[in-house]
1. Do you know which residues across region A:17-40 are near DNA strand C (Cβ under 9 Å from one of its atoms), of a type outside the set (Lys, Arg) and more than 7 Å from chain B (Cβ to nearest Cβ)?
2. If you go through region A:85-120 one residue at a time, how many are assigned to a loop (DSSP other than H, G, I, E, B) and hydrophobic (A, V, I, L, M, F, W, C)?
3. Go through (1) part of a loop (DSSP other than H, G, I, E, B); (2) farther than 30 Å from residue B:8 by Cα and name the single condition residue B:82 misses.
4. Can you pull out the residues in region B:65-79 that are within 14 Å of DNA strand C (Cβ to nearest atom) and either of a type outside the set (D, E, K, R) or surrounded by 14 or more Cβ atoms within 10 Å (Cβ to Cβ) (or both)?
5. Considering A:90, A:79, which residue is within 20 Å of residue B:96 (Cα to Cα) and among the β-branched types (Val, Ile, Thr)?
6. With respect to residue B:90, determine if the residue is within 14 Å of another protein chain (Cβ to nearest Cβ), within 20 Å of residue A:89 (Cβ to Cβ) and not aromatic (Phe, Trp, Tyr).
7. Test each condition in (1) closer than 30 Å to residue A:105 by Cα; (2) more than 10 Å from chain A (Cβ to nearest Cβ); (3) in contact (Cβ under 8 Å) with a residue 40 or more places away in the chain; (4) open to solvent by 30 Å² or more (accessible area, probe 1.4 Å) for residue B:14 and report the one that comes out false.
8. Which of the residues spanning region B:41-79 are closer than 19 Å to residue B:112 by Cα, without any contact (Cβ under 8 Å) to a residue 24 or more places away in the chain and more than 10 Å from DNA strand D (Cβ to nearest atom)?
There are 2 protein chains.
Amino acid sequence: MPATPPFDVRPLSRVLKALGDETRLRIVALLSHSELCVCHLVRGLALPQSSTSRHLSVLKAAGLVEARRDGTWVHYRLVPPQNALCRSQVRALVLAFSKQQALSHTVAKLLKSCGPGARR
Amino acid sequence: MPATPPFDVRPLSRVLKALGDETRLRIVALLSHSELCVCHLVRGLALPQSSTSRHLSVLKAAGLVEARRDGTWVHYRLVPPQNALCRSQVRALVLAFSKQQALSHTVAKLLKSCGPGARR
DNA sequence: TAGCCAAATCCGGAGATGCGGATATCCTCA
DNA sequence: TGAGGATATCCGCATCTCCGGATTTGGCTA
């Protein structure tokens, strides 16, 4: 009989570690409402660009977000994790975030304030 | 308009930080099946007693477990977090863990192997 | 009270993590 | 091709986290 519990918590612990940070959780909360590019997040989080980009790379390494290049801009969006347990946990979290109306308003303003779709 | 998203992710980030550790996730997985005392967890995790106790104190500080003293033994059990968002996340996690039959068997053996209810 | 068991805390060190400024890379447009 | 904007990475630093051994604390029983 193995000493470790006979099922693997490692995938989930990796995902929860990535989510267990205030800034990254705020990023996920914003992305729950729309795909966003880095400049939106820099504004929305009021953080230096380097910090924002680094946190995004952590989320990407954890398999929580994917990047899509569009000219000079890079858009990030949430993606469902491979692992089933992780996927159901993240789905529940994103669902809760997406119900937050105040977040929805914030995201709408961000989309207009900068990035490819900003009004000139 | 505040730069921070207008709703507070801090309670959730604290809980996810506590859960974002392989050992602590294994503890929660075991506790999903039964209240257990420290000696059970030391055995089940195959970790030094000091590490086990320290991880339990982290979970307690995060409001995820509570302790109950019974003579020389201290029993730990899961408790629903105060914050509603945390509570729903943890509930889903514990439900998933509690369906793992293999874990259930492991816990049954642990309960017999040591602690107040052990066969002599 | 002495001895013993379970559990919590202390300790020092190794490695991970977060940070912001500076720099590098990639892309677009004139 | 050169300038400039958007993003990624590098850098050094401070802080946090995890670890296991050793010690301390609390409670039971002889």
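The values are calculated or read from the model by the stated rules, or taken from the named source; none is laboratory data. These numbers were taken from a predicted model, which means no experiment stands behind them. Note: ideal-geometry Cβ built from the backbone for every residue, glycine included; neighbour counts use all protein chains shown. Only protein heavy atoms, including side chains, enter the accessible area calculation; ligands, DNA and RNA are left aside. Shrake-Rupley method; radii C 1.70, N 1.55, O 1.52, S 1.80 Å.
1. Correct list: A:18, A:23.
2. Residues that pass the stated criteria total 2.
3. (2) is the only condition that residue B:82 fails.
4. B:65, B:67, B:71, B:72, B:73, B:74, B:75, B:76
5. A:90
6. When the stated conditions are applied, residue B:90 passes them.
7. Of (1) closer than 30 Å to residue A:105 by Cα; (2) more than 10 Å from chain A (Cβ to nearest Cβ); (3) in contact (Cβ under 8 Å) with a residue 40 or more places away in the chain; (4) open to solvent by 30 Å² or more (accessible area, probe 1.4 Å), only one is false for residue B:14: (2).
8. The one that is closer than 19 Å to residue B:112 by Cα, without any contact (Cβ under 8 Å) to a residue 24 or more places away in the chain and more than 10 Å from DNA strand D (Cβ to nearest atom): B:42.
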